[in-house]
Amino acid sequence: MTTTKAAQIRKPGGDWELVERDLPQPGPGQVRLKVEACGICHSDVLIKDGLWPGIQYPRVPGHEVAGRIDAVGSGVSNWKVGQRVGVGWHGGHCFQCEPCRRGDFAMCVNRKITGIDFDGGYAEHMIAPASALAAIPDGLAATDAGPFMCAGVTVFNALRNSGAIAGDVVAVHGIGGLGHLGVQYARQMGFQTIAIGRGKDKDPLARKLGAHQYIDSAATDAAAELQKLGGARVILATAPNAKAISALVDGLSINGKLLVPAAPMEPLTVSVLPLIMGRRSVAGWYSGTARDSQDTLEFSVFSGVRSMTEVFPLARVTEAYERMISGKARFRVVLTMP
Ligand SMILES: [Zn+2]
Ligand SMILES: [Zn+2]
């Protein structure tokens, strides 16, 4: 085999193009994957529409990759051909900058983003730095592993580093691609899990995912409902709606933290006095490293957390992407490679 298929974007705003490319060879410190599945993340709009500064086109997006190593570059000793691995948003780090010297690889000033700084997983094959690899546990299907590599690790890592401890009230705002995983993780981590969504229709699903209680923010004041429980120690705001997120601050407990892992287009509007008087905070959360992704995969396997996915073959990438953008997918869209 000397060529491989990929779905690329040739220019900002361009259409999906299925192309035949030369089979790439891994350089030093890299491996080549035979991709088996790749999730479509909402952030792939950054490549499709040219919203991320400095992207070189054509570009193959995809940072929820699951596959198998089929070639190993020089200097890579801890990964083997045939091993099942995932690649996520974190596409490697430099090991040399100040954050790296302190072991904070996710904050590397030279960090690479899979599918933005180099071609990602909307392809039969891709090249990845060894520092971006997570081992996929046995028994976890590639279509299940893919969405954990961005959506999964983002909410899992946000929650486990949030400061909440077992028994605390943790609310997950938004029952979508991120939120339906957030509810499952919050429950499995031992939190009193509150799901917040708009409308009654998501109540049964939220409870099935593990929520102890569902708050319909269209019918009630979500912050007031949270205060009836003593306030939330953590609110994970997964629906990128600035107005809705801002209103949630009033639902925090003393020392409560509003965590925002997905960026709304508009700025938040937050009164600072309640933050001061209750030592509350609003904070962003940034994904995680490859080892965080591997922790996510492992935790998901032994706790039974799974993404709800709609699966499309690579050849139907246009349809699959439109499905994701429509917001109607339940809940992650995943491409599979032939
Ligand atoms: Zn993503
Ligand atoms: Zn670095």
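The values are calculated or read from the model by the stated rules, or taken from the named source; none is laboratory data. As the structure is a prediction and not an experimental result, all values here were calculated from the model. Cβ atoms come from the backbone with ideal geometry, glycine included; neighbour counts cover every protein chain shown. Accessible surface areas use protein heavy atoms only, side chains included; no ligands, DNA or RNA. Shrake-Rupley method; radii C 1.70, N 1.55, O 1.52, S 1.80 Å.
A few remarks follow.
- Residue list for region 133-172, restricted to those being part of a helix (DSSP H, G or I), closer than 15 Å to A237 by Cα and touching a Leu at 6+ places or on another chain (Cβ under 6 Å): A151, G152, V155, A158
- Residue list for region 293-338, filter: surrounded by 21 or more Cβ atoms within 10 Å (Cβ to Cβ) and assigned to a helix (DSSP H, G or I): S293, Q294, T296, L297, S300, L314, V317, A320, Y321, M324
- In this entry, G121 passes the filter for residues that are within 19 Å of the chain's Cα centre (by Cα), more than 16 Å from ligand 2 (Cβ to nearest atom), within 24 Å of T2 (Cα to Cα) and at pLDDT 95 or above.
- Among residues of region 91-108 that are on the phi > 0 side of the Ramachandran plot, those with a beta-carbon under 9 Å from a residue that is more than 16 Å from ligand 1 (Cβ to nearest atom) and open to solvent by 100 Å² or more (accessible area, probe 1.4 Å) at least six positions away or on a different chain give the pairs F95/R101.
- Annotation: of all residues in region 197-211 being in a helix (DSSP H, G or I) and in contact with a helix residue (DSSP H, G or I) (Cβ under 8 Å, 6 or more places away or on another chain), the one that is nearest to F299 (Cα to Cα) is L209.
- Some residue of region 221-242 being closer than 22 Å to G163 by Cα, open to solvent by 50 Å² or more (accessible area, probe 1.4 Å) and out of contact with any strand residue (DSSP E or B) (no Cβ under 9 Å at 6 or more places or on another chain): yes
- Any chance V282 is free of Cβ contacts under 8 Å to residues at least 60 places away in the same chain, in contact with a strand residue (DSSP E or B) (Cβ under 6 Å, 6 or more places away or on another chain) and surrounded by 14 or more Cβ atoms within 10 Å (Cβ to Cβ): yes
- For region 72-87, the count of residues that are under 27 Å from G327 (Cα atoms) and away from ligand 2 (no atom under 16 Å from the Cβ) is at least one.
- Restricted to region 22-118, the set of strands (runs of 3 or more DSSP E) holding at least 2 residues that are open to solvent by less than 40 Å² (accessible area, probe 1.4 Å) and either more than 25 Å from M308 (Cα to Cα) or in contact with an Asp or Glu (Cβ under 8 Å, 6 or more places away or on another chain) (or both) comprises 30-40, 65-72.
- Within region 119-132, being open to solvent by 10 Å² or more (accessible area, probe 1.4 Å) and part of a loop (DSSP other than H, G, I, E, B) holds for D119, E124.
- Filter result (within 16 Å of ligand 1 (Cβ to nearest atom) and touching a strand residue (DSSP E or B) at 6+ places or on another chain (Cβ under 7 Å)) within region 62-91: G62, H63, E64, V65, A66, G86, V87, G88, W89, G91
- Total residues in region 256-279, condition surrounded by 15 or more Cβ atoms within 10 Å (Cβ to Cβ) and not in a loop (DSSP other than H, G, I, E, B): 6
- Among (1) open to solvent by 10 Å² or more (accessible area, probe 1.4 Å); (2) in contact with a Leu (Cβ under 6 Å, 6 or more places away or on another chain) - the single one V183 does not satisfy: (1)
- Of all residues in region 93-118, those that are polar (S, T, N, Q), within 21 Å of the chain's Cα centre (by Cα) and either more than 16 Å from ligand 1 (Cβ to nearest atom) or more than 14 Å from G288 (Cβ to Cβ) (or both) total 1.
- Boolean, G91 is under 19 Å from G27 (Cβ atoms), within 16 Å of ligand 2 (Cβ to nearest atom) and among the small types (G, A, S): yes
- Any hit, region 141-162, residues being within 16 Å of ligand 2 (Cβ to nearest atom), closer than 30 Å to K5 by Cβ, over 15 Å from the mean Cα position of the chain (by Cα) and open to solvent by 10 Å² or more (accessible area, probe 1.4 Å): no
- Taking the listed residues I215, I194, the one that is part of a strand (DSSP E or B) and over 27 Å from V301 (Cβ atoms) is I215, with no other qualifying.
- Within region 211-222, restricting attention to residues that are of a type outside the set (S, T, Y) and under 26 Å from the mean Cα position of the chain (by Cα), the residue that is farthest from L181 (Cα to Cα) is A222.
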